[in-house]
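The values are calculated or read from the model by the stated rules, or taken from the named source; none is laboratory data. This one's a predicted model, so the numbers in the text were calculated from it and none came from an experiment. Using ideal geometry, Cβ is built from the backbone for each residue, glycine included, and neighbour counts are taken over all protein chains shown.
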Amino acid sequence: METILFLAHTEPDGSLATPAMEALGAAKELADGLGGATLIAGLVGGETQKAAGQIAHSGVARFLGVSGKEFTQARYASDAAAAEALCKAAAASLVLAAGTARWCRVLPGVAQRLGGRVDTHVAGVVTSNGAPMVTRWYYRQRMEATLTRTQRPWILVLDPGCHAAWNGEAGAIAVEPVAVDLPDGCKRTTVRGIQAPPADQQTIRPDAELLFVAGAGWTKTQPDGKAHAGEAADLILGFLRKSQASLGGSKSLVDLTGEGQAVLPFMTHLNQIGQTGATPRHPKGLSTCCHGEEPHVVGWRFINERRAVNLDPNCGWARGKTDVLYVADAFEVMRKLNVLLGEKAAEQS
């Protein structure tokens, strides 16, 4: 009989974010599929009572918590010690956690400490013949594999956006404290502050409804014989502010930016999708000035509705890789879109 530990860290306000709720949904589904498995929650943070109340009616049998000011901020030494203590206190054979930056950095080391195994970037958790199995993508999202292990404990780190988040009413629940003795050597790293761009300059929004992808065509010579990178930047940023879309870039475009050329100053390799970039999971995608080669399209695997704007009716997107292709000048399309979005915002204000 398996004992499943849902492992989560709290946010600065003490709550659980969407990726953690998705991991909880996967843990519950796995517990139900195994039959007779015990589901335990292990929470880490400055204060864990609020998070426990948030999932009080999720069917978790026990709530374990490691709390205190030492566990408020992400730090490898303290997070690893907390996760190890929770796994031991729960006697967990399976551990599910969200693939946040905080857990991805820590949990492989925790698996080593426990003598277990870990699989990161898990895309799904299923059961077969009473045994847990996971699905995972390989080779730049081209191949899907199904894995199972007999080694325990087995730590599974679930990629955000791969599972429906658990949703239920909050309540009151008691949290069993788990003591963690941190020596001074585990407290040397401190967070002095957080540097982040202003909200109106943020271009990566994983929870956005729309992913807007810019290709290298934005930087090329236009019909008047000149390049208009400055106007392209204004159009794209204006659209992102008005639509609250997330920004993606083709490899060719982010490579140009990385070479120091004055192309789109806000575009970095963090925006890259396809090939060695991210695989987005936004509901809708709009590609502009992209030629739609296969590696780029692979990055759109999980987007439900794909649209593209390109002057070439024979571009890669036109060959069965998009739901709707607009054969038009992306500059003209985005100018008009920004005007329409501005009028809509004025009507609503």
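Okay, here's what the table says:
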| read-out | value |
| --- | --- |
| Residue list for region 145-162, filter: touching a strand residue (DSSP E or B) at 6+ places or on another chain (Cβ under 7 Å) and touching a residue at least 24 places away in the same chain (Cβ under 8 Å) | LEU147, ARG149, GLN151, PRO153, TRP154, ILE155, LEU156, VAL157, LEU158, ASP159, PRO160, CYS162 |
| Checklist (1) of a type outside the set (Gly, Ala, Ser); (2) surrounded by 17 or more Cβ atoms within 10 Å (Cβ to Cβ); (3) part of a helix (DSSP H, G or I) applied to GLU47, failing item | (3) |
| From ARG281, ARG307, ARG319, residue being modelled with pLDDT of 85 or more, touching a Gly at 6+ places or on another chain (Cβ under 9 Å), over 27 Å from GLY230 (Cβ atoms) and not hydroxyl-bearing (Ser, Thr, Tyr) | ARG281 |
| Residue pairs meeting the criteria (Cβ under 6 Å; at least 6 apart or on separate chains; first over 24 Å from ALA89 (Cβ atoms), in region 164-192; second assigned to a loop (DSSP other than H, G, I, E, B) and of a type outside the set (Ser, Thr, Tyr)) | GLY168/HIS57; GLU169/HIS57; THR189/ARG75; VAL191/GLN73 |
| Considering residues of region 186-203 that are outside any loop (DSSP other than H, G, I, E, B) and at pLDDT below 90 only, the residue surrounded by the most Cβ atoms within 10 Å (Cβ to Cβ) | GLN201 |
| Which listed residue, of THR150, THR127, THR135, THR120, is out of contact with any Leu (no Cβ under 9 Å at 6 or more places or on another chain) and of a type in the set (Val, Ile, Thr) | THR150 |
| Flag if LEU107 is among the hydrophobic types (A, V, I, L, M, F, W, C), outside the structural domain of ARG205 (by TED's automatic domain parsing) and closer than 19 Å to VAL134 by Cβ | yes |
| HIS163, sole failed condition from (1) surrounded by fewer than 18 Cβ atoms within 10 Å (Cβ to Cβ); (2) part of a loop (DSSP other than H, G, I, E, B) | (1) |
| Odd one out for SER246 among (1) under 20 Å from ARG205 (Cβ atoms); (2) surrounded by fewer than 17 Cβ atoms within 10 Å (Cβ to Cβ) | (2) |
| Residues (of a type in the set (Lys, Arg) and assigned to a loop (DSSP other than H, G, I, E, B)) located in region 112-152 | ARG140, ARG142, ARG149, ARG152 |
| Region 36-71: number of residues that are in contact with an Asp or Glu (Cβ under 8 Å, 6 or more places away or on another chain) and of a type in the set (Ser, Thr, Tyr) | 2 |
| Residue within region 337-345 that is within 22 Å of ALA227 (Cβ to Cβ), at pLDDT below 90 and part of a helix (DSSP H, G or I) present | no |
